[in-house]
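Any read-out appearing in this document is the output of simple, stated calculations on the displayed coordinates, not a laboratory observation. If you're wondering where the values come from, they're calculated on a predicted model, not measured in any experiment. When we count neighbours, we look across all protein chains shown, and the Cβ atoms used for this are built from the backbone with ideal geometry, even at glycine.
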Amino acid sequence: MITRGDIKEILDRYKSTTIATICSHTALQIFHGAREEGFKTLGICKPELRGFYESFPLAKPDVFVEVEDYSEVLDDAIQKKLRIENAVVIPHGSFVEYVGAENILEKFSVPMFGNREVLEWESDRKKEGRWLNAAGIRMPLVFKKPSDIDRLVMVKFPGAKGGKSYFLARNEDEFHQGIEESGMKGGEYMIQEYVIGTRFYPHYFYSPLTGNTEFLSVDVRYESNIDGMVRVPHIMDNLDPTFVVTGNIPVVVRESLIPKIRDMGSSVVESSEQLFPPGINGPFCIETICTDNLEFVAFEISARIVAGTNLYIHGSPYSQLLYREPMSTGRRISREIKMAMEGGLLERIIY
Ligand code: ATP
């Protein structure tokens with residue numbers, strides 16, 4: 001396992017800092033924010049995508065490292081190149097998906113923003129549940145076996161694939177039919193209560209340098225085909241809903257609910273400090289549904305920058321109350337690195 005000590009040794013040899021990530025997911029926002037904070041940037045990119053990134057002059061990375069496949073970031077030559085460039089890698093959803101949480105912990109010997117241990121906690125459903133429970137946040141009920149199903153449930157499969165192949169069932173028969181049709185027979189699954197309400201995906205940033213958990217913005221995911229179904233209500237019974245993320249929609253929250261949202265963020269930070277010290281730092285998102293009792297139920301936590309923050313490159317209705325300048329999550333990451341460099345505290349926020 002790559003230790004904090006290993007990463008500190010590399011950081012001590014760095015002569016400057018380059019903000020780096022894989023060209024996907026939130027890379028444009030990350031590079032744009034890094035440029036605003038005065039950093040050099042580096043994009044790990046497939047050749048066919050280079051032109052796309054070059055077409056955004058305010059966000060294109062200063063340096064490209066081309067790879068045929070993103071799993072190549074684990075190759076010694078690429079890791080060496082990143083270290084030579086003084087790279088601090090910003091993990092995002094695609095980065096974790098392509099490289100794998102375990103590989104990052106075991107094989108990726110390049111400094112990364114945040115606590116890499118946290119990626120294991122968010123990608124393992126049992127650990128994620130322990131974490132949210134320890135934070136006192138309500139989660140949907142889980143049914144141990146299909147015969148226990150007594151309400152609408154969502155059947156989920158392992159891995160963050162944007163809700164791909166998940167299905168809904170109202171009883172044991174529908175469960176077996178869904179498993180058959182999903183082609184996931186014999187695999188692992190989780191039967192979770194389907195919570196009816198409105199979805200909110202609040203974006204937080206925890207800074208151990210200031211001790212604050214900032215509520216920076218919030219979005220709602222736009223999912224196909226479930227979000228298109230309401231347009232054809234008369235035939236909905238004959239359709240199978242799917243939950244594939246295709247975009248993100250901006251939203252503001254009823255003001256009286258904001259204290260609850262802030263409390264959830266702070267509790268998640270506090271419980272992370274107890275479960276895997278020193279705990280989480282940087283951006284994270286709690287995926288929630290707000291019921292008509294105005295109670296939040298959390299079904300997932302993403303312990304890194306999430307794609308919904310792309311809406312707010314020029315700030316959100318909430319970040320504008322925290323910062324005088326446009327503050328995206330991407331820029332906030334670079335601001336944190338800058339503050340840590342000034343205070344000689346880089347090793348606290350980079351692992
Ligand atoms: P990602 O890792 O990209 O967040 P995922 O594959 O882990 O995606 P989820 O986020 O768990 O998938 O779920 C996909 C979508 O399904 C959610 O955005 C939400 O719309 C819906 N959903 C998930 N769990 C529930 C639930 N318990 N009740 C109601 N809707 C849910």
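Relative to the dominant Cα principal axis of the chain, helix 27-36 is inclined by about 40°. Lys/Arg Cβ at +1, Asp/Glu Cβ at -1, dipole of region 96-230 taken about the Cα centre: which of Ala101, Asn115, Ser147 is farthest positive-ward? Most positive-ward Cα: Asn115.
Shown in residue order for region 212-217 are the 3J(HN,Hα) couplings computed by the Karplus curve 6.51 cos²θ - 1.76 cosθ + 1.60 at θ = phi - 60°: 9, 9, 8, 8, 8, 5 Hz (x for Gly and Pro).
DSSP bridge analysis restricted to the chain gives an antiparallel fraction near 70%, rounded to the nearest 5.
Let me know the shape class of the chain, please: from the alpha-carbon gyration tensor, a ≥ b ≥ c as square roots of the eigenvalues, rounded when a/c is under 1.5, otherwise prolate if a/b is greater than b/c, or oblate. Prolate shape, in that a/c is at least 1.5 and a/b is the bigger ratio. On the beta carbon distance between Val232 and Asn212, with R0 = 56 Å, the FRET formula returns roughly 0.75. Relative to the Cα centre, the charge distribution of the chain, modelled as +1 at Lys and Arg Cβ and -1 at Asp and Glu Cβ, gives a dipole magnitude of about 840 debye. Put in order of Cβ neighbour count within 10 Å, fewest first, the listed residues Asp76, Asp148 become Asp76, Asp148. Legend note: in the chain, cysteines whose Cβ sits 4.7 Å or more from every other cysteine Cβ are Cys285, Cys290.
Across region 196-221, the residues whose backbone nitrogen lies under 20 Å from the label position 7 Å along the beta-carbon direction of Asn293 are 196-200. Once backbone amide H atoms are built at 1.01 Å from N, Phe200 has Thr288, Ile289, Cys290 as its partners under 5 Å, excluding neighbours fewer than 5 places away on the same chain.
Amide H contacts of Gly114 (H built 1.01 Å from N, in plane; Pro and chain starts excluded): Ile350, Tyr351 sit under 5 Å, all sequence-distant by 5 or more or on other chains.
In this Cβ point-charge picture (+1 for Lys and Arg, -1 for Asp and Glu), region 142-193 has a dipole of about 260 debye about its Cα centre. Does region 142-193 classify as rounded, prolate or oblate by the C-alpha gyration tensor (a ≥ b ≥ c root eigenvalues; a/c under 1.5 gives rounded; else a/b over b/c gives prolate, otherwise oblate)? Judged from the Cα gyration tensor, region 142-193 comes out prolate (a/c at least 1.5, a/b above b/c).
The angle separating the long axis of helix 258-275 from the principal Cα axis of greatest extent in the chain is about 70 degrees. For the pair region 314-351 / region 80-122, the C-alpha centres are spaced 19 Å from each other. Specify the angular offset, from 0 to 90 degrees and rounded to the nearest 10, of the alpha carbon long axis of helix 4-13 from the longest principal axis of the alpha carbons in the chain. Roughly 40 degrees, rounded to the nearest 10. The modelled label-to-label distance between His314 and Phe56, using points 7 Å beyond Cα along the C-beta direction, is 1.5 nm. Between the amide H of Tyr206 and those of Glu214, Gly282, Phe284, distances stay under 5 Å, these residues lying 5 or more places away or on another chain, with hydrogens modeled in the peptide plane. Using a/c under 1.5 as the rounded threshold, could you call region 4-112 rounded, prolate or oblate? The axes a ≥ b ≥ c are square roots of the C-alpha gyration tensor eigenvalues, and prolate needs a/b larger than b/c, oblate otherwise. Verdict is oblate for region 4-112. Put in line by how crowded their Cβ is, counting other Cβ atoms within 10 Å and starting with the fewest, His92, His234 read His234, His92. For region 329-335, 3J(HN,Hα) computed residue by residue from phi via the Karplus equation (6.51, -1.76, 1.60; θ = phi - 60°) reads 5, x, 5, 4, 4, 5, 4 Hz, glycine and proline entered as x.
When the chain is treated as a GNM with alpha-carbon contacts under 10 Å, the residue of Gly93, Gly136, Gly186 showing the greatest mean-square fluctuation is Gly186. Since only Thr329, Ala298, Ser267 are under comparison, the one whose Cα sits farthest along the positive direction of the charge dipole of the chain, derived from C-beta charges on Lys, Arg, Asp and Glu, is Thr329. Using only side-chain charges placed at the Cβ, +1 for Lys and Arg and -1 for Asp and Glu, the dipole size of region 25-122 relative to its Cα centre rounds to 400 debye.
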